[in-house]
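As structure tokens, the structure follows; a few thoughts come after it.
The values are calculated or read from the model by the stated rules, or taken from the named source; none is laboratory data. Being a predicted model, the structure only gives us computed values, none of them experimental. Cβ coordinates were reconstructed from backbone atoms using ideal geometry, including for glycine residues, and neighbour counts include every protein chain displayed. Note: areas computed on protein heavy atoms with side chains; ligands, DNA, RNA excluded. Shrake-Rupley method; radii C 1.70, N 1.55, O 1.52, S 1.80 Å.
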Amino acid sequence: MTYALSAALQTAVYERLTADPALMALVGQDIYDAAPPVAPAEAPDLHVTLGEERVRDGSTKTSSGAVHDFTVTVHARTEGFSRPKAAAAAVCEALLPGTLTLGRGHLVDLRLLSVRADRGRINRPRRVEMRFRAVLEDTM
């Protein structure tokens, strides 16, 4: 197993999302590696964050690799779900061709595992959390 590919995967996902015209048309530059450093009420009306990651061994007898389950979340301070769902669909369309180029290693497979749309409590943003699985193989 290797965790050495985690930063390369995160960078590739972030770069893909920030370069996608359909997603940018919906959220602008509001795509973050972490939550914006402001109070929730001051956060952009619609934004995307990269989230948690869980990694397990994906090595074979002849190669070193890892399976990365990671989240991308759309946050919205809106009454309805139409805008956050449209942004979530754009995230999926940007990532799911599964052609990310990594700075180290290579992507064997990328798929969507689950999606959860959460209304949140009163005065809390709506969220659409997508969980992806990336299977990576190290080339070093």
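Quick one: length gained pulling residue 81 to residue 109 fully straight, 0.36 nm per residue minus the C-alpha distance? Could the numbers behind the result be given before it?
Values: separation 28, 0.36 × 28 = 10.08 nm, distance 2.95 nm.
Value of the extension gain: 7.1 nm.
Note that region 1-75 presents 51 Å² accessible area per residue, ligands and nucleic acids not counted, probe 1.4 Å. For residue 52 and residue 22, compute 0.36 nm times the residue count separating them, minus their Cα-Cα distance, and round to one decimal in nm. Result for the pair: 8.4 nm of gain on full extension.
Using Cα pairs under 8 angstrom and six or more residues apart, how large is the relative contact order of region 33-140, in percent? Mind dumping the intermediate values first?
Values: 212 pairs, mean separation 32.3, N = 108.
RCO, region 33-140: 30 percent.
Let me have the 222 nm mean residue ellipticity of the chain computed from DSSP H runs of 4+ only, each contributing -39500 (n - 2.57), with the sum over all residues rounded to the nearest 500. When only DSSP H runs of four or more count, the value is -7500 deg cm²/dmol. For residue 117 and residue 139, the FRET efficiency from 1/(1 + (r/R0)^6), where r spans their Cβ atoms and R0 equals 35 Å, is about 0.40.
Of the GluC sites (Glu not before Pro) found in region 44-136, those in coil by DSSP whose Cβ has at most 12 other Cβ atoms within 10 Å are 79.
With both labels modelled 7 Å from their Cα along Cα-to-Cβ, the residue 35 to residue 101 distance reads 3.5 nm.
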